[in-house]
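A.B. asks: Quick one: this structure, given as C-alpha cells, is what I'll be asking you about.
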Amino acid sequence: DTEGLLRIKEENQKHIRRAQRHQEKKEKIQRHNRKLGDLVEKKTFDLKTQYEHLANLRRTHILELTSVIFPIEEVKTSVRDPADTSSESDNAMTSSTVSKLAEARRTTYLSGRWVCDDHNGDTSISITGPWITLPNNGDYSAYYNWVEEKKTTQGPDMEHNNPAYTISAALCYATQLVNTLSLILDVNLPKKLCNRQVNEFCGENLSRHRFTRAVKKLNANILHLCFSQHVNLDLLHPLHTLRNLMYLVSPDTENLGR
C-alpha cells in the first residue's frame, strides 16, 4: 500500500507539472491572441480608413466627370399647367374640373397603357447641355415615328431639330457615362454595355425592338448602380433614365463612392 501510495504521489506530481506547463502554454496563446486581436483591430481601422479615402476619391472623380464632361441638370420647361390656363379663361370652372385637368396632365399613354408621371410637362433632364434632353415619362415614340418616316420618305435630311436626334444623343451620352461610372465605382453591370451600343444609339436608325431592348439594358444598369450606392428608392423610377442618373451622381447622395 505504501509503494502504491508513492506511485500515485509521483503520478500526481507529474500531472501537476504538466498542468503548469499547459497553463503557461495557455497564457502564451492568450497573449498571442490578444496581440493578433489588436493587430486585426488596427488593420480593420486602416482598411475602413482606406475605404473612406477611396470613396472620397471616387466621389471627387464622379463630381468632376459630371460637372465638366457630362453635366446633368434639371431644365424648366415653359409649358403651363392646363388647369391654370383653363382657370384663367373661365372663372366659373369648378374645382373638380381643375383637379381632373391637373390629373390628366400627369398621365401619359405609354406602350398601350396609362401611366402616372408627376414630372410630365414641368421639367426635363438634360445631359452635356440644356438642348439634349429625354422625355420625363420614358416615351420615346418620337424616335419610333422618325425611323418609320425615314423608311418611307426619300430626300435630303433637313430635320435637324427633330426630337429623335435629341433622344439618340442623350441615350448615347448616358451610355458612355454609365460605362465610365461602372469603372470608377468598380461595379459590375448586370447588362453588358459596349461601344457598339453607343454607336447603335448615334450611328444608325434602330428598329423599335432593338431600340427598346437597348434602352431597357441602359435603364437596368442605371438602377443597378443606384442600388449599389444606396440611392433613396423613393426617388427612382424604372423609366426615368436621366433623372435616375442625376440622383445617382448628385452631391447629396451620401453613399456615392462606397
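The values are calculated or read from the model by the stated rules, or taken from the named source; none is laboratory data. No experiment lies behind these values; they were computed from the predicted model shown. Every residue, glycine as well, gets a Cβ built from its backbone with ideal geometry; the counts of neighbours run over all protein chains shown. Accessible surface areas use protein heavy atoms only, side chains included; no ligands, DNA or RNA. Shrake-Rupley method; radii C 1.70, N 1.55, O 1.52, S 1.80 Å.
A.B. asks: Answer yes or no: is there a residue in segment 242-258 that is modelled with pLDDT under 85 and of a type in the set (Gly, Ala, Ser).
C.D. replies: no
A.B. asks: Just the residues that are in contact (Cβ under 8 Å) with a residue 24 or more places away in the chain and open to solvent by less than 30 Å² (accessible area, probe 1.4 Å), please, taken from segment 203-230.
C.D. replies: 206, 211, 214, 215, 218, 219, 221, 222, 225, 228, 229
A.B. asks: Continuing with this model, one more query. Looking only at segment 170-191, which residues are more than 15 Å from residue 59 (Cβ to Cβ) and free of Cβ contacts under 8 Å to residues at least 40 places away in the same chain?
C.D. replies: Within segment 170-191, 172, 179, 188, 189, 190, 191 qualify.
A.B. asks: Mind checking which residues of segment 144-177 are open to solvent by 40 Å² or more (accessible area, probe 1.4 Å) and either touching a Gly at 6+ places or on another chain (Cβ under 7 Å) or modelled with pLDDT of 85 or more (or both)?
C.D. replies: If the condition is that a residue be open to solvent by 40 Å² or more (accessible area, probe 1.4 Å) and either touching a Gly at 6+ places or on another chain (Cβ under 7 Å) or modelled with pLDDT of 85 or more (or both), then 173, 176 are the ones that fit.
A.B. asks: Here is a further query. On the basis of being open to solvent by 20 Å² or more (accessible area, probe 1.4 Å) and at pLDDT 75 or above, does residue 188 make the cut?
C.D. replies: Considered against the rule, which asks whether it is open to solvent by 20 Å² or more (accessible area, probe 1.4 Å) and at pLDDT 75 or above, residue 188 comes out as yes.
A.B. asks: Being of a type outside the set (Lys, Arg), modelled with pLDDT under 90 and open to solvent by 80 Å² or more (accessible area, probe 1.4 Å) is the requirement here; does residue 79 meet it?
C.D. replies: Answer is yes for this residue.
A.B. asks: Just to be sure, is residue 52 within 28 Å of the chain's Cα centre (by Cα) and either of a type in the set (D, E, K, R) or open to solvent by 100 Å² or more (accessible area, probe 1.4 Å) (or both)? Can you show your working first?
C.D. replies: Working: within 28 Å of the chain's Cα centre (by Cα): yes; either of a type in the set (D, E, K, R) or open to solvent by 100 Å² or more (accessible area, probe 1.4 Å) (or both): yes.
Here the answer is yes, as residue 52 does meet what is asked.
A.B. asks: Checking the conditions here, which among 228, 207 is over 23 Å from residue 147 (Cα atoms), among the small types (Gly, Ala, Ser) and either more than 13 Å from the chain's Cα centre (by Cα) or modelled with pLDDT of 85 or more (or both)?
C.D. replies: One residue alone meets the criteria, 228.
A.B. asks: Looking at segment 232-248, which of its residues are of a type in the set (A, V, I, L, M) and open to solvent by 10 Å² or more (accessible area, probe 1.4 Å)?
C.D. replies: 233, 235, 236, 239, 246
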